[in-house]
Amino acid sequence: MIYFDNAATTRAMPEAVEKMAHMLCEEYGNPASVSSMGLAVEKEIKKAAESIARGIHCNPDEVFFTSGGTEGDNWAIYGTAEGYKRQGRHFITTQIEHPAVKNPMKKLEEDGAEVTWLSVDRQGHISLAELEAAIRPDTVLVSVILVNNETGTVQDAAAIGKLIKEKNPQTLFHLDAVQAFGKYPIDVEKMKADLLTMSGHKIHGPKGTGMLFMRKGLKVKPLMLGGGQQRGQRPGTENGPGAAALGVAADAAFSSQKESIEAVREVKKILLDGILAMPDTQLNGDGLDAASPYVLNVTFKGLRSEVLLHALESKGIVVSAGSACDSKKKVGSPVLTAMGLPFAEIEGAVRFSFCRHNTAEEARECLKVLEELVPFLRKYNR
């Protein structure tokens, strides 16, 4: 099998699975307990926080473990809305966000808040001029996806963060880094980010794990009430096995990040060059050098993406028709729509997404299958 759907989820690395299994069966104490077993788990959680903090250039006590990207995004948005409601009720985000940001923002609108939805250009970039014009004295949060999950478009986080803090230093800046963490250099200081979310299963960690970076001193409120775990911010018995396994996956991602980016870029280049050499195909989003090497979105004109998806799967190749979180809905991609693509181009869009374990040989094999399937399917699609 050739698995090119790594933006949806990744295979858990054996070392992370082993760490999790060991802690579930051997070091299974409650980290809130003063017993030796509890203290051992607490030590593992701190070690994982230190690994993550090194990778994004923050302090370990600014790392809060979550159940994944969706919880982290919701916490960043609702927690800010509640904690800063006296400052204002104006929020800014983009038209190409993941539903984990888009839907909480829509709920805030329903509850009386005002949300500005920034437009994007044909490559999926926001306009800094539009952002600057949108920031007001009562703007409490700007939330931007760092690497888009459908197209791989990368926003200029450092420029965005600088602009926000110059226009209104009180406005918080949140980055959805689910598709960027461990795959793109992140420095929360240089980016001037106040909040940042990630998800473990996107970096070969276990599902049900994630992290919210929250800058020290913020008034962001917790989503839930209960015990005083995670410095009073996230109640409930801490998931020691999940956090420890996430730390292992983060360590591996950061230690090989530079080499992995180059290797994955070569895989993407082979596939992209070959696809664009085929008739009636187009790249959606930025070119090879500007976009994330981990995500490739292309349109096969005259085909419906789900038809090609199933045909590829019959040949042992797994890809996606847009976001895995939206692909079962019978509507055109909101991301590609926001980028200005007509429906005729959207309905043939396919996402190939890679990981550090994919190879050039897999890309060539996939290309060979595409060169056989696409003309055949087009013949019977008319």
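The values are calculated or read from the model by the stated rules, or taken from the named source; none is laboratory data. Computed from a predicted structure; not experimentally measured. Every residue, glycine as well, gets a Cβ built from its backbone with ideal geometry; the counts of neighbours run over all protein chains shown.
Residue check: Asp194 meets all listed conditions (1) of a type outside the set (A, V, I, L, M, F, W, C); (2) surrounded by fewer than 20 Cβ atoms within 10 Å (Cβ to Cβ); (3) at pLDDT 95 or above but one, namely (2). Taken together, the criteria exclude His57 from residues that are out of contact with any Lys or Arg (no Cβ under 9 Å at 6 or more places or on another chain), within 19 Å of Ala180 (Cα to Cα), touching a residue at least 40 places away in the same chain (Cβ under 8 Å) and not small (Gly, Ala, Ser). From the list Ala133, Ala100, the lone residue that is more than 25 Å from the chain's Cα centre (by Cα) and either under 30 Å from Asp286 (Cα atoms) or aromatic (Phe, Trp, Tyr) (or both) is Ala133.
The condition (being assigned to a loop (DSSP other than H, G, I, E, B) and not acidic (Asp, Glu)) is satisfied by just one residue among Arg234, Arg265: Arg234. Contact map, the stretch 125-149: first residue free of Cβ contacts under 8 Å to residues at least 12 places away in the same chain and closer than 20 Å to Thr337 by Cβ, second residue acidic (Asp, Glu) and surrounded by fewer than 23 Cβ atoms within 10 Å (Cβ to Cβ), Cβ cut-off under 9 Å, separation 6 or more or different chains; pairs are Ser127/Asp121. Restricting attention to the stretch 265-314, the residues being under 15 Å from Asn148 (Cβ atoms), out of contact with any strand residue (DSSP E or B) (no Cβ under 8 Å at 6 or more places or on another chain) and crowded, with 19+ Cβ neighbours inside 10 Å number 1. Just one residue in the set Arg122, Arg86 is under 18 Å from Lys219 (Cα atoms) and surrounded by fewer than 16 Cβ atoms within 10 Å (Cβ to Cβ); that residue is Arg86.
For first residues located in the stretch 230-246 and closer than 15 Å to Gly79 by Cα, partners that are among the hydrophobic types (A, V, I, L, M, F, W, C) and in a loop (DSSP other than H, G, I, E, B) and lie 6+ apart or on another chain with Cβ distances below 6 Å form the pairs Pro235/Met224. When Ile160 is tested against the conditions (1) surrounded by fewer than 21 Cβ atoms within 10 Å (Cβ to Cβ); (2) in contact with a Lys or Arg (Cβ under 9 Å, 6 or more places away or on another chain); (3) not in a loop (DSSP other than H, G, I, E, B), the lone failure is (1).
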